[in-house]
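The values are calculated or read from the model by the stated rules, or taken from the named source; none is laboratory data. As the structure is a prediction and not an experimental result, all values here were calculated from the model. Glycine gets a Cβ as well: all are built from the backbone with ideal geometry, and neighbour counts include every protein chain shown. Just so you know, the surface numbers come from the protein's heavy atoms only, side chains and all, with ligands and any DNA or RNA stripped out. Shrake-Rupley method; radii C 1.70, N 1.55, O 1.52, S 1.80 Å.
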Amino acid sequence: MSFYPICTEYNALPLNERFESVTESDVRRALGKTVLDAEDLLSLMSPAAAPFVEEMAQKASQLTLQYFGRTIQLFTPLYLSNFCTNHCVYCGFNAKNKIPRSQLELAQVEEEAKAIAATGLKHLLILTGESRAKASPDYLDSCMTVLRKYFPSVSIEIYSMDQDEYARLVDSGVDGLTVFQETYDEELYATLHLFGPKKNFRYRLDAPERGCKAGMRVVNIGALLGLGDWRKDAYLTGLHVAYLQNLYPEVDIAVSLPRMRPHAGEFQPTSIVEDRDMVQIMLAFRLFSPRLGITISTRESVQFREDILPLGVTKMSAGVSTAVGGHSQEDDSQDGDTVGQFDISDERTVDEMCEALRKQGYQPVFKDWEFITDLQ
Amino acid sequence: MTVVLNGKNVDISEGMTLLGLLESRGISSETVVVELNREILSADAFVSTILGDGDLLEVLRFVGGG
Amino acid sequence: MSEDIFEIGGFKLESRLFTGTGKYADDSIISDVCEASASQVITVALRRVDLESGTGNVMDYIPKYMKLLPNTSGARSADEAIRIARLARAMGCGDWIKIEVISDNKYLLPDGYETAKATEILANEGFVVLPYINADLYVARSLVDAGAAAVMPLGAPIGTNRGLKTREMVRILIEEIDLPIIVDAGIGNPSEACEAMEMGADACLVNTAIATAGNPVLMARAFGRAVRAGREAYLAGAGAMCRHAKASSPLTGFLSED
């Protein structure tokens, strides 16, 4: 099984025309349903649904409350390594960028783990660039022996792997996989990923499915909205979600909604996802899949993250550094010694995040899962 | 000699065929299915099946059911 | 509507109402019931011939065009269901079988585990297997794997005429299971059969509610029409409906601030 044929089929469709031809009554019908299909998702992501965002928000808010309560799960990323053999034109870590490269030694991993654990966080997302030579499966395995002492739940956001490699990491205590397709537009993908293993569109596209088969409990997918036509990419993400949910009902499928922001680098987004669009996408996801985990990163501003709290978000990162060693090193990222993968906008500490969530009537959740295995 | 027909002992004569037994009890062979010693018999075997002492016969047919 | 064909077990059916032959005060009414309901599939059970009283043959009253669906009622285990299924096939009326395994005579609820075991073996023997189960997603999935031709969840305990009590669970089966879903047992009124069809069930099996009605023929016609109405409503697609109250305070006000 593979999502690839479905993805190819949709790439060949005149999706823009279909978005444009959605009518007000299509949107109303989708809004009235309890079980939505792919056509309804298309309707809710279309321009015709824009005037309905308040109605969508009311329903999405109620569904989120119903399924998740007033809770937000907190996690933080830990960058283990920024060595990378890929040339993804939009990424700060890409191989052509002359930035200081480093990889944490196990002792440093422990330092970072202690620093993060001291904030109270229990859910960790570990990241690397794509370098099998540096951040090898063996290296990740050793990191896990350290990290699982501090964190009951560890997810990975690393280069795509084979199923048995994922299974090995599951054995060593990894329970979540995050892998973003970046864009579902295969032609565009080829122009954005100029060299490196990540250039293989299909291998990347099938990675979440390999993770499901390998026994990951949570598989988190997403597109980097703005790289291509955000409406199409968001829609294909939704179809990918449905595909995985249908085949792997035992896995929690989740999405992240990272959007590109205009920035100083040479590469600029193809389309700009305005706040209003971002909200519409998120609401459409919630109505389409009431139980779907939705993650909003610190790329988003403090104000925006607070505004969208009731609309469907279930997971947020906090106390984030996107630089290798950023949690334990006394380093001011302004001075250029440490370079992050992307600029963060919400720089609040974990304590500040918790305080803000509580103020809005939400319970910050540090831990909702204990990974029990036969680990020695 | 005796066979067990639907749980009841029935005396029959030597050399009696299954078809003969059914007809003697007024059972139309076309509306039933028969298990002989827990083996299902095909309808066209009824005429050639000679019964032996102690044979276990189950004769069933369709009845009303939901 | 003539193009809405229900395909199952290699048959193309125009009617999505299955009927039964149990509990009639007089079996001779069955042919009229079949005609009035427009049903094309009817269930029968298999029993020992009663050697003492020569009762009438139910088969005499079932129109020849009806597809027979023998059930395994009376079976308390997979082995017994398999035995009955093989006997039923030996009757020469086709290879459809409704698996029904019940060992709890208080509630008459089906045993999903035994049902799945029997389904796998019989499907391998070439039977068209229609298992009757509680509306349970896991059992239904195991039946898909076992090679069932359809899944038949109960609407309410058998013979109770209490309606679609398992509504939400049946809805989940309709969404999740790629086999035809035939709501079997418990449906007491045509409106309930209609609701099951509106939800997207592929067919309904109704016996007791017709057989025990004051006028079974009239009730059979009512069920035939209700199933058809529900199916048409499902195909038409429900209109827009507002399930939520209007907002007292807007959630997206922040979007218009800029």
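Points worth noting:
- Whole-Å distance, taken between Cα centres, linking the range A:262-314 and the range A:196-250: 17 Å
- Long-range amide H partners of residue C:41 with built H, under 5 Å: C:19, C:67
- Close amide H contacts of residue A:365 (hydrogens built in the peptide plane, cut-off under 5 Å, sequence separation of 5 or more or a different chain): A:72, A:73, A:74.
- With a cut-off of 13 Å between beta carbons, the residues surrounding residue A:37 carry a summed charge of -2, where Lys and Arg count +1 and Asp and Glu -1.
- With at most 14 other Cβ atoms within 10 Å, longest stretch of chain A clear of loop GluC sites (Glu not before Pro) (DSSP): A:106-249
- Neighbouring partner chain Cβ atoms per residue of C:41-50, average, 10 Å criterion: 6
- Total formal charge among the other residues, if their Cβ is under 15 angstrom from that of residue C:227, Lys/Arg +1 and Asp/Glu -1: -3
- Most mobile listed residue (A:224, A:239, A:13) in chain A, GNM with C-alpha springs under 10 Å: A:13
- Across A:47, A:152, A:14, mean-square fluctuation computed from a Gaussian network of chain A (C-alpha pairs under 10 Å connected) peaks at A:14.
- From helices alone, chain A scores -11500 deg cm²/dmol at 222 nm; the rule is -39500 (n - 2.57) for each run of n ≥ 4 DSSP H residues, then divide by the residue total.
- Just so you know, the Rg over Rh for the protein assembly as shown is 1.10, from Cα atoms, with Rh as the Kirkwood radius.
- The antiparallel fraction among DSSP beta bridges confined to chain C stands at about 10%.
- Set of lysines near residue C:23 by C-alpha distance (under 18 Å), chain-local residues within fewer than 8 positions excluded: C:98
- Threshold 10 Å², the range B:19-42 residues less accessible with all protein chains present than alone (1.4 Å probe): B:25, B:27, B:31, B:32, B:33, B:35, B:38, B:40
- Annotation note: GluC sites (Glu not before Pro) in the range C:2-31 located in DSSP loop regions with a Cβ neighbour count of at most 15 within 10 Å are C:3, C:14.
- Aspartates and glutamates with Cα under 15 Å of residue C:67, excluding same-chain neighbours fewer than 8 positions away: C:7, C:14, C:35, C:95
- Label-reachable residues, the range C:115-141, where backbone N falls under 19 Å from a point 7 Å from residue C:77's Cα toward its Cβ: C:115-122
- Choice from A:291, A:29, A:148 showing the highest fluctuation, given a GNM over chain A with Cα pairs closer than 10 Å: A:29
- Quarter the surface of the alpha carbon convex hull of the range C:6-256 and you get the mean projected area, 17.0 square nanometres.
- Cut-off under 5 Å, modelled amide H: who pairs with residue A:86 long-range: A:95, A:130
- Partner aspartates and glutamates for residue C:165 [C-alpha distance under 14 Å; skip if fewer than 8 residues away on the same chain]: C:136, C:184, C:192, C:195
- Å³ per residue enclosed by the Cα convex hull of the range A:185-245: 84 Å³
- Globularity index of the range C:1-115 is 1.15 (Cα radius of gyration / 2.2 N^0.38 Å, N = number of residues).
- Averaging the sequence gap over all C-alpha pairs within less than 8 Å and six or more residues apart, then dividing by the number of residues, gives chain A a relative contact order of 23 percent.
- Alpha carbon convex hull of chain A, volume per residue in cubic angstrom: 128 Å³
- Shielding score for C:20-28, defined as the mean number of other chain Cβ atoms within 10 Å: 2
- For the residue pairs A:213/A:367; A:98/A:122; A:134/A:213; A:98/A:198; A:232/C:12, the alpha carbons lie more than 30 Å apart in A:98/A:122; A:232/C:12.
- Value of relative contact order over the range C:6-256, rounded to a whole percent, pairs C-alpha under 8 Å and six or more apart: 18 percent
- Taking Cα centre as origin and charging only the Cβ of basic (Lys, Arg, +1) and acidic (Asp, Glu, -1) residues, the dipole magnitude of the range C:6-256 rounds to 460 debye.
- Crossing angle, helix A:106-117 versus chain A [Cα axis fit, 0-90 degrees, rounded to tens]: 50 degrees
- Chymotrypsin sites (Phe, Trp or Tyr not before Pro) within the range C:3-100, DSSP loop, no more than 12 other Cβ atoms inside 10 Å: C:65
- 3J(HN,Hα) couplings calculated from phi for the range C:91-107 with the Karplus curve 6.51 cos²θ - 1.76 cosθ + 1.60 (θ = phi - 60°) are, in sequence order, 5, x, 10, x, 10, 7, 8, 9, 7, 9, 10, 10, 10, 10, 7, 7, 9 Hz; Gly and Pro show x.
- Here the alpha carbons of the range C:81-230 define both size measures, Rg and Dmax, at 15.0, 42 Å.
- Simple rule: put +1 on each Lys or Arg Cβ and -1 on each Asp or Glu Cβ in chain A, find the dipole, and look at A:30, A:260, A:97; the Cα lying farthest toward the positive end is A:30.
- Solvent-accessible area, 1.4 Å probe, carbon plus sulfur percent, for the protein assembly as shown: 49 percent
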